[in-house]
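The values are calculated or read from the model by the stated rules, or taken from the named source; none is laboratory data. Here the structure is a predicted model, which is why all the values come from computation and not from measurement. Counting neighbours? That spans all protein chains shown, and the Cβs are built from the backbone with ideal geometry, glycine included.
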Amino acid sequence: MPPASGKSLETWIWDAACSIRGAKDAPKYKEFILPLIFAKRLCDVFDDELNRIAKEVGSRAKAFKLVKHDKKLVRFYLPLEPGNPDDPVWSVIRTLSDKIGEQLTTHMRAIARENPLLQGIIDRVDFNATTHGQRDLDDDRLSNLIEAVSAKRLGLTDVEADIIGKSYEYLIRKFAEGSGSSAGEFYTPPEVGTIMSRVLQPEPGMEIYDPTCGSAGLLVKCEIAMEERSQKENKQKENGLSSPLPSNKSGLENPHPLAHPFAPLKLFGQEYTPETWAMANMNMIIHDMEGQIEIGDTFKNPKFRNKAGKLRTFDRVVANPMWNQKWFTEADYDNDELDRFPAGAGFPGESSADWGWVQHMHASLNTTGRAAVVLDTGAASRGSGNAGTNKEKTIRQWFVDHDLIESVLYLPENLFYNTSAPGIVLFLNKAKPKARQGRVFLVNASQVFEKGDPKNFIPDAGIQRIADTLIGWKEEDKLSRIVDHAELKKNDYNISPSRYIHTSDAETYRPIAEIVEELKAIEAEARQTDKALKEILEKIGL
């Protein structure tokens, strides 16, 4: 059977999601749908491995016995054996007819017990769960979902790991469309992730970190970008490769000496939400990539530490933290023992943690490290041009003065699912080339997009244009400019590309989203000042 196209897989996956209660309610059931599709992939790959062994030992029945005796013969051992050993492993699940939710949950937990790597991932969902005495997903609808998932085979020769991975991301995007901000929080538009990963130019064997990894999309993009670049640069070297290099162990593809003619990236991430953490692990495995995804609050308790208990550092950092988080207090910064908030830079204040996240990522870079961080547009300009001090502006000034900001990309509006605001990508470099020191490269890509429904998107040609521009520091009228630190200082450390690059011949006005965010920041500062003044007056009896 030839590999299925990405489009047909996407359609199949969405049809499976809609089989429960239609497109409108499909996002509510993502916690049931994603693990089931993941389990289908595991079953079909297990079948392929059994068939390979059966060719050597004479029958599938003998292959089952052999694998049960020596589970290291397969990547993931599944304790699912159909009555007829020649039937697909998935048929054990497909033929469930009584107490389907209960039995399916039992099977998932049995798979997790046999495979420590899958514990807490495939067994997290209770398909028999109830709320107020009612099943969250009754057996009839669950049976329909299983049947819909059964429509396509997802084995090694049916689909490539990346194709199913892309289809998986497609489903996450569809959920984001239907769920609004709750799903958009862990979904970064793929074109944005592709630009980030290409500009960072990760090299074989590098360690990549995402402190707010969501469903691990940005980490996956880095691995794909590295492989594409390495394959392009080392094509002739690949053809002459004589000895196999280390292969992935997460293993939904057969290891092959030429499959990875370079060392894969080492991927690390941390995610706060348990369900999304599980999704990140599934996404990594389904893409056949190795990584370590930790669970917990990165801001208050980052899990990746060195032997001395300080922050572990990485070659590259990518992230899209939730914008303008307001639940971190000064105490959270004051109590930090990880040297993330250096003297002179200070804390970003309670109204937005954007620059607090940037400080964490900067502290997580090694001496030659680079980072790409998605932020709200206001993070580039809030406080600039205003009388008095502003905490975010003070941190921006620290990053500029220490020559850590390499470039800033202004994105088109209406790309993200949790906001229509454009957003920026901030690129950091702790070892800027001498020719780029004392300067920052600004790109205003606000016009590089195509209209979409419900969201705009950057086409492939636009992705390549933006990435090439950022990599080469290519100045282009109405798109990009090299700005020296003196000009940034003159503009009160406003680093927004929209301030320096006009995209039309007509008089250009600042984006409303920027102005609104700055007004919010000013109002928050005014409230804090009023509160402090009131406390002083009360102390002196006025």
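Key figures
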read-out	value
Lone qualifier among D158, D162, D140 - being acidic (D, E) and modelled with pLDDT under 80	D162
H402, sole failed condition from (1) touching a Lys or Arg at 6+ places or on another chain (Cβ under 7 Å); (2) at pLDDT 90 or above	(1)
Helices (runs of 4 or more DSSP H) fully within region 5-84 counting 1 or more residues that are at pLDDT 95 or above and either within 19 Å of R113 (Cα to Cα) or not charged (D, E, K, R) (or both)	30-57, 60-69
Some residue of region 393-402 being closer than 20 Å to K478 by Cα, among the hydrophobic types (A, V, I, L, M, F, W, C) and either touching a Gly at 6+ places or on another chain (Cβ under 7 Å) or buried (at least 19 other Cβ atoms within 10 Å of the Cβ) (or both)	no
Subset tally (residues that are charged (D, E, K, R) and either under 14 Å from K451 (Cα atoms) or in a strand (DSSP E or B) (or both)) for region 404-434	2
Residue, surrounded by the fewest Cβ atoms within 10 Å (Cβ to Cβ), within region 404-455, restricted to residues that are over 15 Å from L470 (Cβ atoms) and among the aromatic types (F, W, Y)	F449
Residue that is closer than 22 Å to V159 by Cβ and not small (G, A, S), where the choices are D25, D87, D98	D87
Residue within region 407-419 that is aromatic (F, W, Y), in contact with a Pro (Cβ under 9 Å, 6 or more places away or on another chain) and under 17 Å from V199 (Cβ atoms) present	yes
Output for region 305-351, where each listed residue is within 26 Å of the chain's Cα centre (by Cα), not β-branched (V, I, T) and not in a loop (DSSP other than H, G, I, E, B)	R305, L311, F314, D315, R316, A319, D332, Y333
Residue within region 168-178 that is small (G, A, S) and crowded, with 21+ Cβ neighbours inside 10 Å present	yes
Odd one out for V318 among (1) at pLDDT below 90; (2) touching a helix residue (DSSP H, G or I) at 6+ places or on another chain (Cβ under 8 Å); (3) among the β-branched types (V, I, T)	(1)
Matching entry among T105, T95, T157, T130 (being within 21 Å of P79 (Cβ to Cβ), exposed (fewer than 15 other Cβ atoms within 10 Å of the Cβ) and hydroxyl-bearing (S, T, Y))	T95
Residues satisfying the stated conditions in region 430-462, i.e. farther than 19 Å from N320 by Cβ, among the polar types (S, T, N, Q) and in contact with a Leu (Cβ under 7 Å, 6 or more places away or on another chain)	N444
Search result, residues across region 148-175 that are within 20 Å of E31 (Cβ to Cβ) and out of contact with any Lys or Arg (no Cβ under 7 Å at 6 or more places or on another chain)	A148, G165, S167, Y168, E169, Y170, L171, I172, R173, K174
Elements of type helices (runs of 4 or more DSSP H) in region 103-222, at least 2 residues being within 15 Å of the chain's Cα centre (by Cα)	161-179, 181-184, 190-200
Sole residue being of a type in the set (G, A, S), within 21 Å of I293 (Cβ to Cβ) and surrounded by 14 or more Cβ atoms within 10 Å (Cβ to Cβ), chosen from A17, A54, A26, A112	A112
Residue count for region 460-483, restricted to those that are assigned to a loop (DSSP other than H, G, I, E, B) and without any contact (Cβ under 8 Å) to a residue 12 or more places away in the chain	3
Filtered residue count, region 377-403, keeping only those that are touching an Asp or Glu at 6+ places or on another chain (Cβ under 6 Å) and not in a loop (DSSP other than H, G, I, E, B)	3
Residue check, T106 closer than 25 Å to G22 by Cβ and among the hydroxyl-bearing types (S, T, Y)	no
First in region 354-367 and closer than 17 Å to V425 by Cβ, second anywhere and in a helix (DSSP H, G or I), Cβ under 6 Å, 6 or more apart	D354/A379; W355/E392; W355/I395
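Conditions (1) of a type in the set (F, W, Y); (2) closer than 20 Å to A371 by Cα, marked per residue:
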{"site": "M282", "(1), (2)": "no, no"}
{"site": "I285", "(1), (2)": "no, no"}
{"site": "M289", "(1), (2)": "no, no"}
{"site": "N301", "(1), (2)": "no, no"}
{"site": "N306", "(1), (2)": "no, yes"}
{"site": "L311", "(1), (2)": "no, yes"}
{"site": "F314", "(1), (2)": "yes, yes"}
{"site": "V317", "(1), (2)": "no, yes"}
{"site": "N324", "(1), (2)": "no, yes"}
